[in-house]
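Trainee: My questions will all concern the structure given below.
Values quoted throughout were computed directly from the atomic coordinates according to the rules given, and no laboratory measurement underlies them. Here the structure is a predicted model, which is why all the values come from computation and not from measurement. A quick note on method: Cβ atoms are made from the backbone with ideal geometry, for glycine too, and the neighbour counts reach across all protein chains shown.
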Amino acid sequence: MEALKQKIRQEGIVLSEQVLKVDAFLNHQIDPKLMQQIGHEFAVRFRDQNITKIVTIEASGIAPAVMAGLELGVPVIFARKYQSLTLKDDLLTSKVYSFTKQTESTIAVSAKHLTADDHVLVIDDFLANGRAAKALIDVIEQAGASIAGIGVVIEKSFQAGRAELDAQGFRVESLARISSLADGAVSFLE
Ligand code: 5GP
């Protein structure tokens, strides 16, 4: 997606060979117009898949997921990273190791909102080693729901997640694919 790649070139900050900071438009300040275009692009790619729900993870997946949900006309569930007081019963949970925080946390989704009748599109902001995606897939499978695919805003193709999800047979659609963050520069795969 050209507008996204341009934004990454203009406003992305390469923190290391592994980490790209996009606080200017996705992870802290949000560019609503760009999010709308991102939602549209996910919807175009998955429109014929009979999606019934989108599942993402708080907090940075929420903006692109809501925009895609608006376009596809389906509800959006965000997995919570801790057990809140209002989210007690029938929890589907999985453990996830955070790439950026380097800590393990539990994600939880209420079984009330996800059932075996659902056909789910998973959306997240980044795909690195695929741990967040795998934890989301785990809770969706616990619900007995099926998975249409995984929509990723920014994929770092040089890390393990993409290849592993491909190998497991999941359809992965990434709107920007980064082949390298070496020498302080962002290189795109395509
Ligand atoms: P994974 O679980 O695929 O290893 O990492 C994905 C998660 O880690 C995303 O939900 C995202 O929050 C975070 N993440 C991974 N790589 C980056 C990065 O380069 N920059 C930012 N800002 N977040 C990242």
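Trainee: Write down the Kirkwood hydrodynamic radius of the chain, to one decimal in angstroms, obtained as one divided by the mean of 1/r over all alpha carbon pairs.
Mentor: Values: mean 1/r = 0.0602 Å⁻¹.
Taking every pair of different Cα atoms in the chain, averaging 1/r and inverting gives 16.6 Å.
Trainee: May I ask for the angle, rounded to the nearest 10°, between helix 2-11 and the longest principal axis of the chain, with both axes built from Cα atoms and the value confined to 0 to 90°?
Mentor: 70
Trainee: Taking H placed 1.01 Å from N in the peptide plane, check which residues at least 5 places from S174 or on another chain put their amide H under 5 Å from its amide H.
Mentor: V152
Trainee: Count of lysine pairs in segment 72-190 with Cα atoms under 15 Å apart, counting only pairs 8 or more residues apart in sequence or on different chains?
Mentor: Values: K81/K95; K81/K101; K81/K134; K88/K112; K95/K134.
Count of close lysine pairs: 5.
Trainee: Per 0.36 nm of contour for each residue apart, how much would the distance between Q29 and Q142 grow if the chain were fully extended, relative to their Cα-Cα spacing?
Mentor: On the way: separation 113, 0.36 × 113 = 40.68 nm, distance 3.37 nm.
Extra length available between Q29 and Q142 comes to 37.3 nm.
Trainee: A further question follows. Please give the net charge around A145, taking every other residue with its beta carbon less than 12 angstrom from that of A145, where Lys and Arg add +1 and Asp and Glu add -1.
Mentor: Value of the local net charge: -3.
Trainee: Round to the nearest 10 and give me the degree value, 0 to 90, for the angle of helix 32-46's Cα axis relative to the longest principal axis of the chain.
Mentor: Roughly 60 degrees between the two axes.
Trainee: In nm, to one decimal, how far is the modelled label at A116 from the one at H40, with both set 7 Å along Cα→Cβ?
Mentor: A separation of 4.0 nm, rounded to one decimal place.
Trainee: Could you give the size of the charge dipole of segment 10-57 about its Cα centre, using +1 on the Cβ of each K and R and -1 on the Cβ of each D and E, expressed in debye and rounded to the nearest 20? If you can, show how the numbers build up before the last one.
Mentor: On the way: 5 positive and 6 negative charges, 49 e Å.
Computed about the Cα centre, the dipole is about 240 debye.
Trainee: Under 13 Å from a label point 7 Å along Cα→Cβ of E190: give me every residue in segment 1-20 with its amide N that close.
Mentor: Within reach of a label on E190: 1-2.
Trainee: If segment 1-111 were replaced by its equivalent ellipsoid, with semi-axes equal to the square roots of 5 times the Cα gyration tensor eigenvalues, what would those be, largest first, whole Å?
Mentor: 25, 21, 11
Trainee: For helix 131-142, report the angle its Cα long axis makes with the longest principal axis of the Cα atoms of the chain; keep it between 0 and 90° and round to the nearest 10°.
Mentor: 20
Trainee: Taking segment 116-186 on its own, what percent of its Cα-Cα pair distances exceed 17 Å? Before the final figure, lay out each step's value.
Mentor: Values: 1001 of 2485 pairs.
That tail contains 40 percent of the Cα-Cα pairs.
Trainee: Trypsin sites (Lys or Arg not before Pro), restricted to segment 138-190: which are DSSP loop and have at most 15 other Cβ atoms within 10 Å?
Mentor: Loop-located and lightly packed - R171.
Trainee: Let me ask something additional. Tell me, Kirkwood radius of segment 101-157 from alpha-carbon pair distances, in Å? Walk me through the numbers on the way to the answer.
Mentor: Values: mean 1/r = 0.0821 Å⁻¹.
With all distinct Cα pairs of segment 101-157 included, I get 12.2 Å.
Trainee: Give the percent of DSSP beta bridges with both residues in the chain that are antiparallel, rounded to the nearest 5.
Mentor: Values: 12 of 33 bridges.
If we restrict to bridges inside the chain, about 35 percent are antiparallel.
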